[in-house]
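Notes follow the structure.
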Amino acid sequence: MSEDLIGVVNAGSSSLKFSIYQGDACLLNGQVDGIGVRPAAKAKTGAGEALPPPDLSAVPPTTPAEALVALMPWLQDWLAGRRLAAIGHRVVHGGPNHAAPQRVTAALLDELAAFVPLAPLHQPHNLSPIRATMERNPSLPQVACFDTGFHRTIPEVAQVFALPWEMAERGIRRYGFHGLSYEYIASVLPQAAPEIAGGRVVVAHLGNGASLCAMKAGRSMATTMGFSALDGLPMGTRCGQLDPAVVLHLMTAEGMDAKAVEALLYRKSGMLGLSGVSSDFRDLLASDVPRARFAIEVFVHQVARNVASLAAALGGLDGLVFTAGVGENAAAIRQAVCEACGWMGVELDHAANAARGPRITAAGSRVAGYVIPTDENLMIARHTRAVLG
Ligand code: ADP
């Protein structure tokens with residue numbers, strides 16, 4: 001293999017995931033969790049064999065940027081003299097003007113920093129490792145890949161909120177997220193599910209964060225997340241769609257300030273808040289606490305309702321694709337969603353669903369259901385190589 005090595009970084013508020021690709025082959029996968037609390041790293045080869053992880057105990061990183069800097073000596077050892085051609089980064093928000101992946105410059109970083117108020121829990125953590133790398137290694141090309149980019153094809157009628165028009169011009173509108181995941185699914189649909197790839201498909205990215213995307217011939221036409229990654233489906237700890245008057249009530253009648261509301265809606269709600277047990281679907285599925293069962297019912301109810309809403313935006317439904325942690329692994333949740341979508345023509349094949357498909361619907365099902373694993377990091381690696389030319 002002679003192709004360049006590409007680094008991929010996906011930084012969140014308390015974790016940093018990193019990978020090395022050569023072409024489409026993943027050579028290394030690693031993760032630092034618990035940043036700011038008790039950072040711990042793990043690493044494995046692309047084939048899944050565990051590697052001795054980086055030791056971060058000397059100076060425990062308190063931010064994702066520090067974590068990336070702390071990883072570098074370990075990474076240099078692993079590279080053993082080879083060099084990275086570039087690093088591609090997941091950046092949650094490209095704002096209204098940045099859809100396609102772009103080589104990072106100081107000017108672009110400044111522009112992207114302006115979207116921090118639109119994604120306060122993601123954007124600063126996405127940008128700080130880029131800035132740290134730029135300071136230490138200015139000649140290493142870096143590419144920003146935007147989670148909003150794939151949704152720029154959404155018709156304007158589905159992008160606006162019914163607020164005064166000038167607010168849309170100020171950037172207060174639906175953007176949509178999980179775009180790198182949806183783009184990956186759209187890229188593999190022609191091979192993985194050729195009979196629906198050109199048609200009307202709802203893709204369900206159900207993970208810790210969860211959203212749905214309505215695709216027509218592989219292009220995004222509508223999505224459940226909106227201005228922020230808080231909207232749409234209930235998630236691990238996020239509330240999803242909420243009557244905005246609830247926020248007004250919490251602030252005016254219950255005296256909560258913006259920080260407290262933010263913590264409530266992003267970190268204490270969703271499956272965790274409803275169940276009082278866990279944000280992790282594995283725990284909820286294994287639990288016999290009634291509220292854990294109920295939280296799953298709420299999730300399934302909202303997924304099914306929103307599949308129907310997106311089918312309406314598409315004028316019908318030919319395919320339903322499940323992906324991400326829950327979508328790929330939780331057969332019981334796929335079954336419940338498919339059964340709730342039965343009236344739209346989704347007819348599950350139970351054995352195929354238990355075997356994780358890839359096709360999970362019966363031969364005569366009007367809507368074809370699939371399980372397709374997503375790969376956001378591969379998408380970032382491909383984009384980064386393409387931007388480098
Ligand atoms: P993110 O990238 O948003 O952190 P993932 O797509 O990795 O999320 O999904 C993580 C979630 O997937 C976990 O919170 C867990 O609830 C769920 N999950 C993973 N494996 C299983 C499984 N075998 N059964 C049910 N849920 C699972």
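The values are calculated or read from the model by the stated rules, or taken from the named source; none is laboratory data. Predicted, not measured: the structure shown is a model, and the values here were computed from it. Counting neighbours? That spans all protein chains shown, and the Cβs are built from the backbone with ideal geometry, glycine included. Surface areas here come from the heavy atoms of the whole protein model, side chains and all, with no ligands, DNA or RNA. Shrake-Rupley method; radii C 1.70, N 1.55, O 1.52, S 1.80 Å.
Out of all the residues in segment 160-177, which are touching a helix residue (DSSP H, G or I) at 6+ places or on another chain (Cβ under 9 Å) and open to solvent by 20 Å² or more (accessible area, probe 1.4 Å)?
Looking only at segment 160-177, we keep the residues that are touching a helix residue (DSSP H, G or I) at 6+ places or on another chain (Cβ under 9 Å), and these are 160-161, 168, 171-177.
Hits for segment 160-177 are 160, 161, 168, 172, 173, 174.
Considering each residue of segment 312-330, count those that are open to solvent by less than 30 Å² (accessible area, probe 1.4 Å) and either within 21 Å of the chain's Cα centre (by Cα) or acidic (Asp, Glu) (or both), and give that number. Steps first, answer last, please.
Going through segment 312-330, the residues open to solvent by less than 30 Å² (accessible area, probe 1.4 Å) turn out to be 314, 316-317, 319-324, 326-327, 330.
Adding the requirement that they be either within 21 Å of the chain's Cα centre (by Cα) or acidic (Asp, Glu) (or both) leaves 319-324, 326-327, 330.
Looking only at that region, the number is 9.
Return the residue satisfying two criteria in turn: it lies in segment 372-389 and is assigned to a helix (DSSP H, G or I) and of a type in the set (Val, Ile, Thr), and of such residues it is most open to solvent (accessible area, probe 1.4 Å). Break it down stepwise before answering.
Going through segment 372-389, the residues assigned to a helix (DSSP H, G or I) turn out to be 376-388.
From the residues that got through so far, the ones that are of a type in the set (Val, Ile, Thr) too are 380, 384, 387.
Values: 380: 0, 384: 0, 387: 54 Å².
Taking the candidates together, the pick is 387.
Taking segment 88-109 only, how many residues are of a type in the set (D, E, K, R) and farther than 29 Å from residue 261 by Cβ?
Within segment 88-109, the subset of a type in the set (D, E, K, R) is 90, 103.
Filter once more, so that each one left must be farther than 29 Å from residue 261 by Cβ: 103.
So the count comes out to 1.
Looking at segment 72-85, is at least one residue surrounded by fewer than 16 Cβ atoms within 10 Å (Cβ to Cβ), among the charged types (D, E, K, R) and modelled with pLDDT under 90?
no
So which strands (runs of 3 or more DSSP E) stay within segment 146-248 end to end and still have 2 or more residues that are touching a residue at least 40 places away in the same chain (Cβ under 8 Å), within 16 Å of the chain's Cα centre (by Cα) and within 16 Å of the ligand (Cβ to nearest atom)? If you could, list the steps in order and put the result at the bottom.
Numbers: elements: 200-206, 210-216, 219-223.
Fully inside segment 146-248 and qualifying: 200-206, 210-216.
Within segment 262-309, can you find the residues that are open to solvent by 30 Å² or more (accessible area, probe 1.4 Å) and among the small types (Gly, Ala, Ser)?
If the condition is that a residue be open to solvent by 30 Å² or more (accessible area, probe 1.4 Å) and among the small types (Gly, Ala, Ser), then 273, 276, 279, 286, 309 are the ones that fit.
I'd like the residue in segment 14-55 that is open to solvent by 60 Å² or more (accessible area, probe 1.4 Å) and in contact (Cβ under 8 Å) with a residue 60 or more places away in the chain and, out of all such residues, is farthest from the chain's Cα centre (by Cα). Lay out the reasoning, then the answer.
The initial filter retains those residues of segment 14-55 that are open to solvent by 60 Å² or more (accessible area, probe 1.4 Å), namely 17, 24, 37-38, 42, 44, 47, 49-50, 52-53, 55.
Next, from what is left, pick out any that are in contact (Cβ under 8 Å) with a residue 60 or more places away in the chain: 17, 24.
Numbers: 17: 13, 24: 20 Å.
By that ranking, first place goes to 24.
Identify, from the list 136, 131, the residue that is modelled with pLDDT under 95 and open to solvent by 60 Å² or more (accessible area, probe 1.4 Å).
Values: 131 fails: modelled with pLDDT under 95.
Just one listed residue meets the conditions, 136.
Looking at (1) more than 16 Å from the ligand (Cβ to nearest atom); (2) surrounded by fewer than 21 Cβ atoms within 10 Å (Cβ to Cβ), which one does residue 67 not meet, given that it meets all the others?
Residue 67 satisfies every listed condition except (2).
I'd like the full set of residues that are within 16 Å of the ligand (Cβ to nearest atom), surrounded by fewer than 21 Cβ atoms within 10 Å (Cβ to Cβ) and in contact (Cβ under 8 Å) with a residue 12 or more places away in the chain, limited to segment 331-371.
Hits for segment 331-371 are 331, 332, 335, 336, 353, 354, 356.
If a residue counts only when it is farther than 21 Å from residue 144 by Cβ, which strands (runs of 3 or more DSSP E) contained entirely in segment 7-46 have at least 3 such residues? Show your work before the answer.
Numbers: elements: 16-22, 25-33, 40-45.
Here the list reads 25-33, 40-45.
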